[in-house]
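Throughout, read-outs are computed from the coordinates displayed, never taken from laboratory work. Since this is a predicted model, take the numbers as computed values, not measurements. Reconstructed Cβ throughout: ideal geometry from the backbone, glycine too, with neighbour counts over all protein chains shown.
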Amino acid sequence: MKILHTSDWHLGISVHGISMLDEQRHFAEELIGIIKDNDIGAVIVSGDVFDSTVASGEAISLYNDIATAICRDLGVILIVIAGNHDGAARLSSMHALLEKSGLYVYGTLERDIKPIILDNAAVYPIPYFNTDKVRSLYPDEEITSADTAMNCVCNHIYENMDNKMFNIAVAHAFVSGAELSESDRSAVIVGTSVMVSKSVFDKFSYTALGHLHKPQNVSDFARYSGTPVKYSFSEASVMKSVTVIDTKTGEISEIPLTPIHDMRVIKGTQEEVLSAEESEDYIKAEITDRYAGMEIFTALKEKFPNLMQVVGKTENGSEGTTISAEKMEKLSPDEILKNFFEDIYGISPDSGQAEMFAAALEKAERGDGLE
């Protein structure tokens, strides 16, 4: 059987104030096509289906569309575990009923993890957990860290695991030796305190990992599939993909994903950046010869409608301020005027200038002429 491994969809996420739902809808279409074209028998999602424990209506609707297309329309098994961003109870509601439709959802860790048997494969779901949860399930075990907790969980699986099967662990965890991205918010904040050793999973034929956003192998048979969409500029040069495991041959392969709009960094002088070819990609502009102000942001926005960030330099050449689309959207009219004056003239507007601006804005909002 061919099993597709994906993870960390983060449905509903916004990056620098720009919603990624259109990109995520495009990924959903690509995913369905890949399943059809590659004779996929089951799909594994290793956590973080949603970006928030209380997902938006649009994000829930997209998840419903994906699950319906996979399970009902294609007749393919879909196995989902909760990640740290998911509302575990919400995600796994009515899970017993959903299994009859081919959708297996696991929100919280259980003591006796029963495998899902798929042809010659046995899939063991290990949803995201904290150490206190493991202590409550295994009160006789000494649990001192995330590593010992994961060891405990896996050792209990190994006790009854049939080694003649192609055994797959599905886990949402921070494994030692893996590389972080800027968008790995939780892992960056908590650091190594929740890290687990990759050797924990050595007895599985394959471990389908979720949590970190860059696609990467942590061992010969343990892999992060990564996010299907780029969620930070540290991933600008990274090819996004889904992973396919052939349980008959043991072969592991990647299938590339193509976004609607790529995420790119354009670096150079103000003149060089302004002369770059127009694009609808998600852009971060790094200006090497001047301060990044509203004037340059506005000029670049005309060339790059999906401009996300502009980073400039101060007079001494060190990295200066960063202006983002998110910040621009939140500026009040008074703040826009103040920033404009400081960028262009190096001073703040006086009371008379502020009053003139307010009067002009009021006329514009009414649709009056400004003569």
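The figures follow:
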| read-out | value |
| --- | --- |
| Segment S237-E272, length gained on full extension (0.36 nm per residue, minus Cα span) | 10.5 nm |
| Förster-model FRET efficiency, 41 Å R0, K133 and T298, C-beta, rounded to 0.05 | 0.25 |
| Exceeding the 22 Å Cα-Cα cut-off - candidates K114/K214; K100/K164; K267/K301; K2/K36; K240/K303 | K114/K214; K100/K164; K240/K303 |
| Bins of 10 Å from zero: percent of alpha-carbon pairs in segment 2-256 | 7, 34, 39, 18, 2 |
